[in-house]
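See below for the structure under consideration.
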Amino acid sequence: MVDHPDELAETKEALIRVTNEMNKMREEMAEFRKEAGFKSAETCGGFALGFSDKEFLLMNPTKSLQWVSGTLVPRLKIEMDKHNLAMAGLNNIIGRKSAGVWTCAGFNRGGSCHAKWHVHERSCKTKPSVMFKDLRLHCCTLCYDGLGILCEHPLTDCPWIKADTWKKLENGTSVNN
């Protein structure tokens, strides 16, 4: 029940005011992200390939894995081409990823998933009553999508996003040292 006729108008005004404030905050966040920038293969706080742990964790889980596949994988391949002599052995074992298998977003973001995999149920976008089951592997998205290799580390611990790994390759020293 409406206590007085202006209550609806006041509520609408408050909603518009809050919506405008939220839009302004979103624009400011976008500007901050743009200022921080993702530069191809550049190091940032000990990371390479334009990876930023803070930016990665700010993305929603699904978008973060899409960003890895669409942005980091191509950058990884460019860097691998630059270091093709050092990558010769790795290039011999690079595989193809299997259709219908996905990596676990929570695991790749540093979550504490203890099993090797799990099944994720999701609804069909066009028919919400239809459910699909996806196998979610607890492996690094960058290694899986970029190299076709299942590595049991999360993306947040992947050696390919670490600037130190690429420095060692440039210096001709072992990555394990």
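Some observations on this one:
- Conditions (1) under 16 Å from the mean Cα position of the chain (by Cα); (2) part of a helix (DSSP H, G or I); number of the one not met by Lys77: (1)
- So Lys63, is it basic (Lys, Arg), more than 17 Å from Asn108 (Cα to Cα), at pLDDT 90 or above and outside any loop (DSSP other than H, G, I, E, B): no
- The number of residues in the range 141-155 being surrounded by fewer than 17 Cβ atoms within 10 Å (Cβ to Cβ) and modelled with pLDDT of 90 or more comes to 1.
- Boolean, Glu121 is at pLDDT below 85, more than 22 Å from the chain's Cα centre (by Cα) and acidic (Asp, Glu): no
The values are calculated or read from the model by the stated rules, or taken from the named source; none is laboratory data. Because the structure is a prediction, the values reported are computed rather than measured. As a convention, Cβ positions derive from the backbone with ideal geometry for all residues, glycine included, and neighbour counts pool all protein chains shown.
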